[in-house]
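Enquirer: Sharing a structure with you now.
Coordinate-derived values only; no laboratory data. Owing to the predicted nature of the structure, the values given are computational and were not obtained by experimental measurement.
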Amino acid sequence: MQEEPARGQDRATAPEPPAPSSSLLDELNRLASAARRLFGAQLQLLAAELGLARSAVSWLLVAALVATVAGVALGLTLLGLIGALLAVWFHSWIWALLVLALLQALLLAGAVAMFRRCMRWMSLPATRREWNTMMRETMRRAESDIQNDGAGEGKP
């Protein structure tokens, strides 16, 4: 009978398991604040990337304009150089300019003929079918990407 009070004493002196109180709540609080900070940092990064993309588009347009102007200037310079060389060869500026104009007219006629040929190829039934199939597939892919992006926005 003496063993029974000893068991009771052991139960009274044995440490009880800790109740899930403030330490677990503190951990969850820290986890939530860390997730908020991470989400905030991701939003700041996204905003910076969008700003950079807007700036890149502007600079891309400026670079395209500069490249176009430089290409036209180079073309004019080369035409002037060819004209000068033709003038030296023919000993006449009039003949040089006439030959240069003829070369430009032939180049223009060739470009127009190539454009017309390409348009004819695009109007063939098999090409139209392939083009329509490609456009439908592209539209479906774009719509599915939009739907997938919309569904994925809720995820961090």
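Enquirer: Ordered by residue, what ³J(HN,Hα) values in Hz, to whole numbers, does region 40-45 give under the Karplus form 6.51 cos²θ - 1.76 cosθ + 1.60, where θ = phi - 60° and Gly and Pro are x?
Expert: Per residue, the Karplus-derived 3J(HN,Hα) values read x, 5, 5, 5, 5, 5 Hz.
Enquirer: Further, regarding this structure: By how many nm would the segment from ALA142 to GLN104 lengthen if fully extended, with 0.36 nm per residue of separation less the alpha-carbon distance?
Expert: Gain on extension, ALA142 to GLN104, equals 9.4 nm.
Enquirer: Next question, about the same structure. Using the eigenvalues of the Cα gyration tensor, what equivalent ellipsoid semi-axes result for region 16-156 when each is taken as the square root of five times the eigenvalue, whole Å, largest first?
Expert: 65, 27, 7
Enquirer: Let me ask something additional. Tell me the volume per residue, in Å³, of the convex hull enclosing the alpha carbons of region 97-150.
Expert: Normalising the Cα hull of region 97-150 by residue number yields 78 Å³.
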